[in-house]
Amino acid sequence: MYIESDAPKPPLLVLVGPTAVGKTKLSLTLAKQYNAEIISGDSMQVYRGMDIGTAKAAPEELAAVKHHLIDILEPHEPFSVAEFQERCTSLIQDIGARKRLPFIVGGTGLYVESVCYDFQFSEVSSDEAFRSEMTDYAQSHGAEALHARLAQVDPESAEKLHPNDQRRIIRALEVHHVSGERLSEQQKRQTKVSPYQLCIVGLTMDRALLYKRIEERIDLMLEQGLIDEVRGLLELGIPSSSTSMQGLGYKEIVAYLEGRASLDEAVDLLKKNTRHFAKRQLSWFRHMKEIEWVDMSQLEDFTTQLDAVRAIISTKLTLDRNSY
């Protein structure tokens with residue numbers, strides 16, 4: 001078994017990084033070597049039927065290693081960071097109890113960080129009338145206009161949130177509206193003390209190469225049937241305004257299917273938005289001081305990169321070396 005009896009805290013391995021940096025391949029290799037079970041740290045992969053646009057691992061990859069928090073909700077169901085934290089914390093306990101290593105892999109920074117440091121979320125009460133007003137405002141003026149309102153009162157939160165992330169933008173506006181305090185200020189008060197024996201590995205890459213890989217990934221998604229996937233969700237009655245359909249790859253293709261953009265315009269916008277998203281991901285993760293970074297730019301040097309990650313794990317986690 002991998003956990004030594006005198007380990008002071010339960011171990012938790014975490015792998016983060018921007019979209020298209022190479023998390024999936026590395027995570028599968030590490031999970032097999034360390035007797036780990038993967039917990040998805042992606043806010044969109046929880047939805048069934050949203051496979052291509054969320055870049056889920058292939059069925060055979062999901063079958064090769066036990067995965068959690070993938071395909072657990074229907075696309076019309078809401079999902080919050082607080083719910084993710086609750087589910088993930090329970091899974092970590094369960095996986096550890098079975099003498100396996102819990103391993104969070106994903107790029108949704110707030111979700112991952114909330115678990116790593118046991119965030120206490122704002123207890124500011126809700127204001128349903130204000131939420132409704134902001135929802136109507138977004139529908140009337142557009143996502144960018146709503147995002148601009150947040151930038152006026154809480155620029156730090158706005159910098160971290162994609163304009164399409166309407167639910168979290170409205171919550172940040174609501175916190176400020178109800179309490180007069182910025183959500184970003186509340187988050188800074190988090191203790192950043194982890195209840196886990198924590199090892200966070202961050203993957204980075206030359207920016208030009210990362211952007212090239214992003215564009216190639218989107219081209220592949222289109223070849224794999226992204227448009228048909230989005231069309232099928234709309235035909236099932238999933239509202240285009242739902243949280244799930246605001247994700248990258250869905251909102252842009254919806255605009256094409258609804259005749260508000262040509263296919264070329266939609267694809268160009270998707271590539272642009274994804275590049276901006278990757279930049280925000282890296283910005284978020286660089287504020288997490290405990291991350292140990294590994295550069296993935298040399299694509300042919302996977303073995304070297306794997307060895308670098310294993311060396312980091314060996315210094316951060318107390319593991320039974322006979323297990324791997």
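The table below gives the values:
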{"read-out": "Residues being closer than 28 Å to L269 by Cβ and not hydroxyl-bearing (S, T, Y) - total across the range 102-157", "value": "28"}
{"read-out": "L15, sole failed condition from (1) among the aliphatic types (A, V, I, L, M); (2) touching a Ser or Thr at 6+ places or on another chain (Cβ under 6 Å); (3) modelled with pLDDT of 95 or more; (4) assigned to a loop (DSSP other than H, G, I, E, B)", "value": "(4)"}
{"read-out": "Any chance E292 is at pLDDT 95 or above and part of a helix (DSSP H, G or I)", "value": "no"}
{"read-out": "Every residue from the range 197-215 that is over 20 Å from the mean Cα position of the chain (by Cα), among the charged types (D, E, K, R) and in a helix (DSSP H, G or I)", "value": "K212"}
{"read-out": "Tally of residues being without any contact (Cβ under 8 Å) to a residue 24 or more places away in the chain and more than 21 Å from the chain's Cα centre (by Cα) across the range 156-180", "value": "2"}
{"read-out": "Residue list for the range 126-154, restricted to those being surrounded by fewer than 14 Cβ atoms within 10 Å (Cβ to Cβ), in contact (Cβ under 8 Å) with a residue 12 or more places away in the chain and within 21 Å of N273 (Cβ to Cβ)", "value": "Q139, E144"}
{"read-out": "Test: L62 is under 17 Å from the mean Cα position of the chain (by Cα) and either assigned by TED's automatic domain parsing to the domain that holds S244 or assigned to a helix (DSSP H, G or I) (or both)", "value": "no"}
{"read-out": "Filter pass, L146 being of a type outside the set (K, R), touching a helix residue (DSSP H, G or I) at 6+ places or on another chain (Cβ under 6 Å), at pLDDT 85 or above and more than 30 Å from T24 (Cβ to Cβ)", "value": "yes"}
{"read-out": "Unique match (being surrounded by 15 or more Cβ atoms within 10 Å (Cβ to Cβ), touching a Leu at 6+ places or on another chain (Cβ under 6 Å) and not hydroxyl-bearing (S, T, Y)) among E229, E252", "value": "E252"}
{"read-out": "Residue that is modelled with the lowest pLDDT, among those in the range 232-248 that are surrounded by 15 or more Cβ atoms within 10 Å (Cβ to Cβ) and in a helix (DSSP H, G or I)", "value": "Q246"}
{"read-out": "Close pairs (6 angstrom Cβ cut-off, 6 or more residues apart or separate chains): in the same structural domain as H67 (by TED's automatic domain parsing) and farther than 14 Å from Y196 by Cβ in the range 89-100, of a type in the set (S, T, N, Q) and at pLDDT 95 or above anywhere", "value": "R100/N35"}
{"read-out": "Residue within the range 21-43 that is in contact with a Lys or Arg (Cβ under 7 Å, 6 or more places away or on another chain), crowded, with 21+ Cβ neighbours inside 10 Å, in a loop (DSSP other than H, G, I, E, B) and in contact (Cβ under 8 Å) with a residue 40 or more places away in the chain present", "value": "no"}
{"read-out": "Failed item in (1) part of a helix (DSSP H, G or I); (2) surrounded by fewer than 17 Cβ atoms within 10 Å (Cβ to Cβ), with V193 passing the rest", "value": "(1)"}
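The values are calculated or read from the model by the stated rules, or taken from the named source; none is laboratory data. Since the model is a prediction, treat every value here as computed from it, not as a measurement. Cβ sites come from the backbone with ideal geometry, for glycine too, and all protein chains shown count toward neighbours.
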